[in-house]
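Just below is one structure, and these are the notes that go with it.
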Amino acid sequence: MIIESFSEKETREFAKSLGEGAKEGQVYCLIGDLGVGKTVFTQGFAEGLGVEDWVSSPTFTIVQEYRDGRLPFYHFDVYRIGDLEEMYEVGFEDYVYGEGVCLIEWANLIEDILPLDAITVRINKDLDKGFDYRRIEIEGLPE
């Protein structure tokens, strides 16, 4: 599936719709360069899950937990991971194989330990189509 977004609002609304349909045990792998809107996407996704807390990137804590939505939501940012062992130290498997929904920013950095059924979300810019344009590609989303 490919979505073209021409504004931050469109990106947020699309992510919200994904969050509304998210199911227990799903893992969303968010991939994109710095500044493509991964945090905006994550905020919309969390809103779709019913999370009311402010969602920001957990860059220095690796994972943030949100439990005020319809499912537990675990937001990872693995940009600063130096070794996969760090993921096990934060209880990665408990989150990924638990009862909530995981969204992992920079998931390409830990692809060796991701579940085979993870859903991949790639966000790319194309400045020829406008400053706010984003191409969002989704792979592995169940019907």
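The values are calculated or read from the model by the stated rules, or taken from the named source; none is laboratory data. Computed from a predicted structure; not experimentally measured. All Cβ positions, glycine included, derive from the backbone under ideal geometry; neighbour counts span all protein chains shown. Accessible surface areas use protein heavy atoms only, side chains included; no ligands, DNA or RNA. Shrake-Rupley method; radii C 1.70, N 1.55, O 1.52, S 1.80 Å.
Worth pointing out:
- When residues in the stretch 33-70 are screened for being β-branched (Val, Ile, Thr) and more than 12 Å from the chain's Cα centre (by Cα), 5 of them pass.
- Counting the residues of the stretch 38-63 that are of a type in the set (A, V, I, L, M, F, W, C) and at positive phi gives 1.
- Taken over the stretch 47-60, the criterion of being touching a residue at least 40 places away in the same chain (Cβ under 8 Å) and small (Gly, Ala, Ser) is satisfied by Ser57 alone.
- Test: residue in the stretch 124-139 that is touching a helix residue (DSSP H, G or I) at 6+ places or on another chain (Cβ under 8 Å) and of a type in the set (Asp, Glu): yes
- Selection from the stretch 59-76 of residues that are farther than 11 Å from Thr42 by Cα and either at pLDDT 90 or above or in contact with a Phe, Trp or Tyr (Cβ under 9 Å, 6 or more places away or on another chain) (or both): Thr59, Ile62, Val63, Gln64, Glu65, Tyr66, Arg67, Asp68, Gly69, Arg70, Leu71, Pro72
- Residues that are surrounded by 19 or more Cβ atoms within 10 Å (Cβ to Cβ) and among the aliphatic types (A, V, I, L, M) within the stretch 30-39 comprise Leu30, Ile31, Val36, listed in sequence order.
- Test for Ser5: is it of a type in the set (S, T, N, Q), farther than 20 Å from Pro115 by Cβ and open to solvent by less than 20 Å² (accessible area, probe 1.4 Å): yes
- Just one residue in the set Val101, Val63 is under 19 Å from Lys16 (Cβ atoms) and either without any contact (Cβ under 8 Å) to a residue 12 or more places away in the chain or touching a strand residue (DSSP E or B) at 6+ places or on another chain (Cβ under 6 Å) (or both); that residue is Val101.
- Residue within the stretch 6-28 that is touching a Ser or Thr at 6+ places or on another chain (Cβ under 9 Å), at pLDDT below 95 and not in a helix (DSSP H, G or I) present: no
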